[in-house]
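A.B. asks: I have a structure here, written as structure tokens, and I will follow up with some questions on it.
The values are calculated or read from the model by the stated rules, or taken from the named source; none is laboratory data. All values derive from a computational prediction rather than experimental measurement. FYI the Cβ positions are ideal-geometry reconstructions off the backbone, even for glycines, and counts take in every protein chain you see.
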Amino acid sequence: MNRRQILETIGISAIAGLMPAAARAADKIAIDDKSVLLVIDVQNCFLPGGSLAVKDGDQVVPVINRIAKGFANVVMTQDWHTAGHVSFASSHPGKKPFEVIDLSYGKQVLWPDHCVQGTEGAALSKDLSIPQAELILRKGFHKDVDSYSAFTEADGKTSTGLAKYLEARGLRRVFVAGLATDFCVAWSALDARKAGLETYVVEDACRGIDTQGSLAKAWADMDKAGVKRIQSSDLAV
Ligand code: VGL
Ligand code: ZN
């Protein structure tokens, strides 16, 4: 930076500092009555100490709790697998977690056993504080089909019913947060776009698994699909 650029930068921040709060708030994304916060899979298995722990996964909780205060409408999801689920490496003799296999519906990453129905690992984090959440949607409960997406299972055709629910409730703008950025968050955001919804992913309210380049690929796919990548500070909450 040369001296002129430094002075310009200082000048701009000085002007922003003098701007009335209302003017600054105008740059923020307003949450309206068509908006819904979709909180993906903030469950013990994905938090530190869990069987499929996402690095720093617990750091999303305070961010989600803070932004959730600005939303009248919140939907949460729970990954909810049967014991012996097809997505578990333990269901495929000789296979290890994070290997990829071909199933009838396509490629499947194999995972450590996680989020088995009714277990403590499948429970939502006790630190979530979103009393107004109106729907907890469970997914991945068919033994032979995975479901990263909150909308459509991995076979690409079995619906969870969420698109119809949002339509019936008049909720057309979806803000996605939670775990993991590159799997359930990304697949949900992509399907939200397919359902014709205005879709935002709140990056600092998510953390990724990042196996075999999955995180960079997820952001590229979301960008291409018109998913808007924002920070929690972009929201008027
Ligand atoms: C998830 C892998 C397996 C997720 C769920 O919530 O992103 N990832 N099952
Ligand atoms: Zn799962």
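A.B. asks: Determine whether Leu215 is crowded, with 22+ Cβ neighbours inside 10 Å, in the same structural domain as Lys55 (by TED's automatic domain parsing) and outside any loop (DSSP other than H, G, I, E, B).
C.D. replies: No; evaluated as a whole, the condition is false for this residue.
Rundown of residues vs (1) crowded, with 20+ Cβ neighbours inside 10 Å; (2) over 30 Å from Ser35 (Cβ atoms); (3) within 15 Å of ligand 1 (Cβ to nearest atom), yes/no style:
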site	(1), (2), (3)
Asn65	no, no, no
Phe88	yes, yes, yes
Gly94	no, yes, no
Cys115	yes, no, yes
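A.B. asks: To continue, here is another question. Filtering region 109-118 down to residues that are touching a residue at least 40 places away in the same chain (Cβ under 8 Å) and part of a strand (DSSP E or B), which residue is farthest from ligand 2 (Cβ to nearest atom)?
C.D. replies: Val109
A.B. asks: Also, I was wondering about something else. When you scan region 96-113, how many residues do you find that are surrounded by 11 or more Cβ atoms within 10 Å (Cβ to Cβ) and more than 12 Å from ligand 1 (Cβ to nearest atom)?
C.D. replies: Result for region 96-113: 5.
A.B. asks: Another question about this same structure. Condition first: over 13 Å from the mean Cα position of the chain (by Cα), of a type in the set (Asp, Glu) and closer than 17 Å to Val174 by Cβ. Now tell me which residues in region 28-74 satisfy that.
C.D. replies: Asp32, Asp33
A.B. asks: Hey, any hits in region 73-81 for a residue that's in the same structural domain as Leu135 (by TED's automatic domain parsing), out of contact with any Leu (no Cβ under 9 Å at 6 or more places or on another chain), assigned to a loop (DSSP other than H, G, I, E, B) and more than 10 Å from ligand 2 (Cβ to nearest atom)?
C.D. replies: no
A.B. asks: Something else now. List pairs: first in region 95-108 and on the phi < 0 side of the Ramachandran plot, second part of a loop (DSSP other than H, G, I, E, B) and of a type in the set (Lys, Arg), Cβ under 9 Å, 6+ apart or cross-chain?
C.D. replies: The qualifying pairs are Ile101/Lys95; Tyr105/Lys157.
A.B. asks: Here is a further query. Of the residues Thr77, Thr82, Thr119, which is within 15 Å of the chain's Cα centre (by Cα) and either surrounded by 14 or more Cβ atoms within 10 Å (Cβ to Cβ) or under 28 Å from Leu235 (Cβ atoms) (or both)?
C.D. replies: Thr77
A.B. asks: Any residue at all in region 27-42 that's basic (Lys, Arg) and without any contact (Cβ under 8 Å) to a residue 24 or more places away in the chain?
C.D. replies: Checked region 27-42: no residue is basic (Lys, Arg) and without any contact (Cβ under 8 Å) to a residue 24 or more places away in the chain.
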